[in-house]
Amino acid sequence: MKELYTGKLYWPVTLNDTREYPPLRDNKKVQVAVIGGGMSGAICAAELVKSGLSTVLLERGQVAGGSTSANTGLLQFCNDIMLCDLIDQIGERDAQTFYKACKVAVESLEKTASSLSVDVGFKRRSSLYYASTEQELPKLKKEYAALKACGFDVEFWSPEQIESHFPFRKSGAIVTHGDAEINPFQFVNGVADAAANAGLDIHENTDIIAHDTLPSGLHVLRTAEGFEIEAEHVVYAVGYEPEELKGRLIKANLNRSFVIVTEIQKNLQSWHEHCLVWETARPYLYMRTTLDGRVIVGGLDEETEQPIHSDKVRRKHSEKLLDQLKALFPQLQAPVEFEWSATFGESRDNLPFIGADPTWSNVYYCLGYGGNGTVYSMIAAGLLGCLIHGETHPLVDIIKLERPSLTSV
């Protein structure tokens, strides 16, 4: 199993009682088998059950125990790749279609969160996207124009407007409305629990070691303990672990990122409307507040996938993140309480990998590479549901695994 993070995580301490699911101990026949119990797998499996398909969710470890625990919970319709750049890459129509789908996905996440019997920390937020340097201001203005032309609710703030709302001054910023934040650990556990009550069959500590296809076209999955699942369709929602796809379909880079969570701050009044904050530099700094008054800060991405094991080295990165936070919000003095280093995947064309295997009938992938992984997971649930039901979806050709935009990278 790939090591996805090291350090002390925050989200798991916010949920004391999580539901346990038994390992698979008998053979099963289902319409759909979903492999992976993180954000992507849980949302997809829940939507498939809701659509009337008999579905089993198979997780090697524990539900929400992988990358979900290291997710920082920012939900934004804007992406790591600016809309203006995506237009240059895939054309205006497809770029706008993708961005609008991300906006709809945030709305769908809100509906899902509100349908749960537990509070998962979903809150609507606006985002402040500021120019890291004066030189990046023209590009930011171009992005604002692209977002405005696409119909999004956005504003462009001058240095004076930024300074009147925050304790820092930048040369310009886009303010986007319609974003949100969430507790990803609580959300995935809540979705899984509700789906299990609705008929989803979930098995933790169930490692799939073989996948064969019968002459009939049915798929047979075998566990490490020798049990078998016969399924008409198989969905791989395995985060950053699809080793068998590297070099064949997936053109992606696995990096590592760093995150800190402060102790509860005494004074967050200078943080305008608890906005999500990020910047134009790449790799970028990003931050948000929590419902209990902490601040989460992430960034300092490095081009290696292995999380840092040295507490001393990781602490140096944490100190840099804290310094960057204090440079923007000097009145925030609470020290770091949680810190971690985690694997972070990015596709080379900055789009997720969602869709059917081009050479393996009725096998699908939900790999939400990029900073908008939770948003991509919700997109995947709808798209894969359409494919399995034999229906069309407007994003199929844009984010499929063999899409044209990967041929030039």
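Read-outs throughout are calculated quantities, based only on the coordinates presented, and are distinct from any laboratory measurement. Owing to the predicted nature of the structure, the values given are computational and were not obtained by experimental measurement. Neighbour counts are summed over all protein chains in view; Cβ atoms, including those assigned to glycine, are modelled from backbone coordinates with ideal geometry.
At a glance:
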read-out: Extended-chain gain in nm, criterion 0.36 nm per residue less alpha-carbon gap, Gln306 and Lys100; value: 70.8 nm
read-out: Cβ-placed point charges (K, R +1; D, E -1), dipole of the chain about Cα centre in debye, nearest 20; value: 620
read-out: Alpha carbon convex hull of the range 66-191, volume per residue in cubic angstrom; value: 129
read-out: For the range 85-99, Karplus couplings with θ = phi - 60° (6.51, -1.76, 1.60), whole Hz, Gly/Pro x; value: 6, 5, 4, 5, 7, 10, x, 4, 4, 5, 5, 5, 4, 5, 4
read-out: For volume of the Cα convex hull per residue in Å³, calculated from these coordinates, the label among (i) 134; (ii) 150; (iii) 167; value: (i)
read-out: At R0 = 30 Å, FRET efficiency that the Cβ-Cβ distance of Cys386 and Ser115 yields, to 0.05; value: 0.90
read-out: Test item: Cα-centred dipole of the range 1-154, Lys/Arg +1 and Asp/Glu -1 on Cβ, debye; value: 340
read-out: Length-normalised contact order for the chain - Cα pairs under 8 Å, 6+ apart - percent; value: 25
read-out: Residue-span extension gain [Thr14 to Glu230] - 0.36 nm each, minus C-alpha spacing; value: 74.1 nm
read-out: Relative contact order for the range 303-370, counting Cα pairs under 8 Å that sit 6 or more residues apart, in percent; value: 27
read-out: Selected from Leu53, Phe77, Asn189, residue furthest toward positive end of dipole (the chain; charges at beta carbon); value: Phe77
read-out: 0 to 90° range, to nearest 10: angle between helix 39-50 axis and the chain longest Cα axis; value: 50
read-out: Rg/Rg_ref, the range 121-171, where Rg_ref = 2.2 N^0.38 Å and atoms are Cα; value: 1.25
read-out: Helix-only [θ]222 nm of the chain, DSSP H runs n ≥ 4, -39500 (n - 2.57) each, per residue, nearest 500; value: -9000 deg cm²/dmol
read-out: Over 27 Å between alpha carbons, listed pairs Lys100/Lys326; Lys103/Lys266; Lys123/Lys148; Lys29/Lys103; value: Lys100/Lys326; Lys103/Lys266; Lys29/Lys103
read-out: Principal-axis tilt of helix 373-388 within the chain, Cα atoms, nearest 10 degrees; value: 30
read-out: Spin-label pair Gln331/Arg282, simplified geometry with 7 Å Cα→Cβ offset, distance in nm; value: 3.6
read-out: Amide N of the range 157-184 lying under 13 Å from the label point, which is placed 7 angstrom from the Cα of Arg124 along Cα→Cβ; value: 177-181
read-out: Under the Karplus curve 6.51 cos²θ - 1.76 cosθ + 1.60, θ = phi - 60°, whole-Hz ³J(HN,Hα) for the range 121-127, x wherever Gly or Pro sits; value: x, 6, 9, 5, 9, 8, 10
read-out: Greater than 26 Å apart at Cα, pairs in Lys142/Lys170; Lys8/Lys111; Lys139/Lys312; Lys28/Lys111; Lys111/Lys320; value: Lys8/Lys111; Lys139/Lys312; Lys28/Lys111; Lys111/Lys320
read-out: Relative contact order (%) - the range 143-200, alpha-carbon pairs under 8 angstrom, separation at least six; value: 26
read-out: Candidates Asp349, Asp301, Asp153, ranked by Gaussian network fluctuation over the chain, Cα under 10 Å, top entry; value: Asp153
read-out: Using alpha-carbon coordinates, inclination of helix 311-328 to the longest axis of the chain, degrees; value: 50
read-out: Size of charge dipole - the range 134-234 - debye, nearest 20, with Cβ of Lys, Arg +1 and Asp, Glu -1, no other charges; value: 740
read-out: Inter-centroid distance (Cα atoms) of the range 367-401 relative to the range 4-57, Å; value: 18
